[in-house]
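Asks: One structure is given below, represented as structure tokens, and several questions about it will come after.
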Amino acid sequence: MGYVFPAEKGKQCQECKSFERKDAETGKCFGKEVKAEGGCDFFTAKAK
């Protein structure tokens, strides 16, 4: 998955359409628990 923490602004998990927020700091992505400010190779920006 190529997960990194922290990720650069504009490419963080919390800005990705696959991220499902759990609380202020964490969420789920493809079944894995991740930090909102992390990032990976599968980033796709949320529709605006």
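Throughout, read-outs are computed from the coordinates displayed, never taken from laboratory work. Just so you know, these numbers come straight off a predicted model, no measurement behind them. Glycine also receives a Cβ, built like all others from the backbone with ideal geometry; neighbour counts cover every protein chain displayed.
Asks: Please state the relative contact order of the chain as a whole percent: Cα pairs under 8 Å, 6+ residues apart?
Replies: 48 percent
Asks: If Lys and Arg each add +1 and Asp and Glu each add -1, what is the summed charge of the other residues whose beta carbon sits under 12 Å from the beta carbon of Glu15?
Replies: Overall, the nearby charge balance is +4.
Asks: Can you pull the three principal axis extents for the Cα set of the chain, in Å, largest first?
Replies: Principal-axis extents of the Cα atoms in the chain, largest first: 23, 20, 18 Å.
Asks: Right, something else. With +1 assigned to the C-beta of every Lys and Arg and -1 to the C-beta of every Asp and Glu, and no other charges, what is the dipole magnitude of the chain about the Cα centre in debye, to the nearest 20?
Replies: It comes to approximately 200 debye.
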